[in-house]
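These notes concern the structure reproduced below.
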Amino acid sequence: MKRKTFLVVSLIALPLALAYVLILRPTQAKSEDKKASSAEVTMDNFSFGPDTLTVPVNSTVTWVNKDDVPHLIASNDGLFKSKALDTDDKFTYTFSKAGTYPYYCSIHPKMVGKIVVH
């Protein structure tokens, strides 16, 4: 009798455990991917590093000036614009929609970068 009960319980518990791992766990992983994150772009030697940054939607990007001269970050479409950033000053912007956002330094227009939001 105990063996039969063990077998029945095993036949029910094993598929439930397998379903939990295969169905519910991937959903949790996907929802964690959608959480906001943060990333950093540095300005050094008159360039952005990295020059292209890919982040998920609702991520906050922080630009940090490591140069000895001021920089002013501006998106090509006017979506965001910093004040003049002196050495070690920071500017942050949160990207709430997917897309590609090119930007540049309006003081040094040859300095260009891009944020890709997915």
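Some observations on this one:
- Residues that are under 19 Å from residue 107 (Cα atoms) and free of Cβ contacts under 8 Å to residues at least 60 places away in the same chain within the stretch 51-66 comprise 62, 63, 64, 65, 66, listed in sequence order.
- Put simply, of 60, 42, 52 the only residue that is more than 17 Å from residue 112 (Cα to Cα) and not hydrophobic (A, V, I, L, M, F, W, C) is 60.
Each reported figure results from applying straightforward, stated rules to the coordinates on display, with no laboratory input. This one's a predicted model, so the numbers in the text were calculated from it and none came from an experiment. Neighbour counts run over all protein chains shown; Cβ positions are idealised from the backbone, glycine included.
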